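A short write-up of the structure that comes next.
Nothing in this text is a laboratory measurement; each read-out follows from the coordinates by a stated rule. Values in this document were obtained by computation on a predicted structure and should not be read as measured data. Every residue, glycine among them, receives a Cβ derived from its backbone with ideal geometry; neighbour counts consider all protein chains shown.
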Amino acid sequence: MSSLMGHVGHGSLFLVLGMWHIFHDIKLHAQTPNYIALPWVSTSKSRYFELFFIMICTCMSITTELLIYSPIDPDGTIRSTHLHNIEHASMSLTFLVYATFAIIVDKFAPNKFQYGLTLLLGAIAFFQELVLFHFHSVDHMGLEGQYHHLLQLSVFVSFATTLMGIAYPKSFCIGFVRSLSVFLQGAWIITIGFMLYIPNFIPKGCFMNREEDNQIVRCHTDEALKRAKSLANIKFCWYLILVTIVSVCLYVFLNKIYGERVKYHTLSKYEGQEDGADEDFEVQKKNKRNESDQMAKLFVLTDMSE
């Protein structure tokens, strides 16, 4: 990921997945009286399309980091100048494990614990991403370090909301914020690629310097470095504001489209319900199912709503 294309590629994965979940979170919340934030979304064409997409992208990432950049010396040791390639490959490996076991759990252990277990796998993936970025082998004092510090904020939100989703599966806000944080991760990773690897975007007073087979942005003076870091902070705040505005507008727009197709029910109808309360709006036309059965069928919710 230590290049423009590497950042764009990895960032695009998070960007697409974040937008995918934002759309489906809003759609399901508008259509389903008892919304549940899904760890992954199935489609009418392929049940595991999202998970297969993650597996393919992570395998490509691991292959690139380990084979193309060749971080291993002939004696089997890791080159000190390529430690970051191993770190990036480790991040991708964790998400590959998440996607693989999400499929295995869904196929061979579909029960009421499936939802929480899948979210736990996702939380572990985000936690490892957070740890590796926090202790990244790249320069932490320079401009690149500042961009990575800001990236950790969105990764932490993804990790925290994924854990919270285990205890509060019906919370739209938790699921929605998780999707937004994943989208913000993608946008910010792409921005890092452009701002640190394209000379025209490097802040005034800074320059690109080649150090140990890596391109590092350095600044001529401490004042120039301070200015560059401040610009990065401002840019991140603008991104957060923009994502907030777009997401709320999208919520209003999609809620108006899909919400009008649903027969609304009063809150009193659902007060006091415990077992069998997690039914999809189409399933409500059929016999009621208990809560355990609903959790077992959780991942087909989107197929039924389309």
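Points 7 angstrom from Cα along the Cβ direction at ASN214 and LEU153: gap in nanometres?
2.3 nm
All other residues with a Cβ under 11 Å from the Cβ of HIS10 taken together, and with Lys, Arg as +1 and Asp, Glu as -1, what is their net charge?
Spelling it out: positives minus negatives among the neighbours equals -2.
LYS107 to THR81: extension gain in nm, 0.36 nm per residue of separation minus the Cα-Cα distance?
So the extension gain works out to 5.2 nm.
Within the set of other residues whose C-beta is less than 12 Å from the C-beta of ARG79, count the net charge using Lys and Arg as +1 and Asp and Glu as -1.
In short, -4.
Enumerate the whole-percent occupancy of each 10 Å bin, from 0 to the last occupied one, for all C-alpha pair distances of the stretch 4-262.
Each 10 Å bin holds this share of Cα pairs: 7, 28, 33, 21, 10, 2, 0.
Please work out the Cα center distance from the stretch 171-200 to the stretch 61-139, rounded to the nearest Å.
Here the two parts' Cα centres lie 18 Å apart.
Give, in whole angstrom and from largest to smallest, the semi-axes √(5λ) of the equivalent ellipsoid of the stretch 1-114, with λ running over the eigenvalues of the Cα gyration tensor.
Semi-axis lengths for the stretch 1-114 are 34, 17, 10 Å.
Counting Lys and Arg as +1 and Asp and Glu as -1, each charge on the Cβ, what is the dipole of the stretch 4-262 about the Cα centre in debye, to the nearest 20?
For this selection, approximately 1020 debye.
Which order, highest average first, do 122-129, 204-211, 83-90 follow once you tally other Cβ atoms within 10 Å for each residue and take the mean per peptide?
Top to bottom by mean Cβ count within 10 Å: 122-129, 83-90, 204-211.
Using per-residue counts of other Cβ atoms within 10 Å, averaged over each peptide, order 249-256, 150-157 from highest down.
150-157, 249-256
Determine the gain in length on full extension of the stretch THR244-HIS134; use 0.36 nm per residue of separation and subtract their C-alpha separation, reporting nm with one decimal.
My answer for the length gained is 37.1 nm.
According to a simple spin-label model (label point 7 Å from Cα along Cα-to-Cβ), what is the distance in nm between LYS204 and LYS170?
5.6 nm
Would you work out if the stretch 195-263 is rounded, prolate or oblate? Take a ≥ b ≥ c from the square roots of the eigenvalues of the alpha-carbon gyration tensor; rounded if a/c is under 1.5, else prolate when a/b is larger than b/c, oblate otherwise.
prolate
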